[in-house]
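Contents: one structure, followed by commentary.
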Amino acid sequence: MSADRDVTTASDLRSDIVPEDFDLKAARQKHSTTDRDARPRCPECFKISIVKRSPGIAGIVSDGRAYRCDKCGHTFDEPAEVGR
């Protein structure tokens, strides 16, 4: 490896993707344009507050589940089907 190598950092990439005048706070306060009935849900409590989990430091999710519900804490591999 050469010390003269051109390195692109994460902050360099962000500046190309998100405009400087983008208002993240306002965007988070906007309602989703996706119909609530069409959004994926937790199979335990059927809330729509689910997040896709990312691997930890070791490169794996601790319990191997792909999603987590922010409301009840349930972890699962596939969201519940729409139209419960």
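A few comments on the model shown:
- Ile50 long-range amide H proximity, modeled H, under 5 Å: Asp70
- For Lys47, the lysines whose Cα comes closer than 22 Å to its Cα, not counting residues fewer than 8 places off in the same chain, are Lys30, Lys71.
- Phi-based couplings in Hz for segment 38-51 (Karplus 6.51, -1.76, 1.60; Gly and Pro marked x): 9, 8, x, 10, 5, x, 8, 10, 6, 7, 9, 8, 10, 10
Rule-based calculations on the coordinates, nothing more; no lab input. Bear in mind that the values here come from a model prediction, so they are computed numbers and not experimental data.
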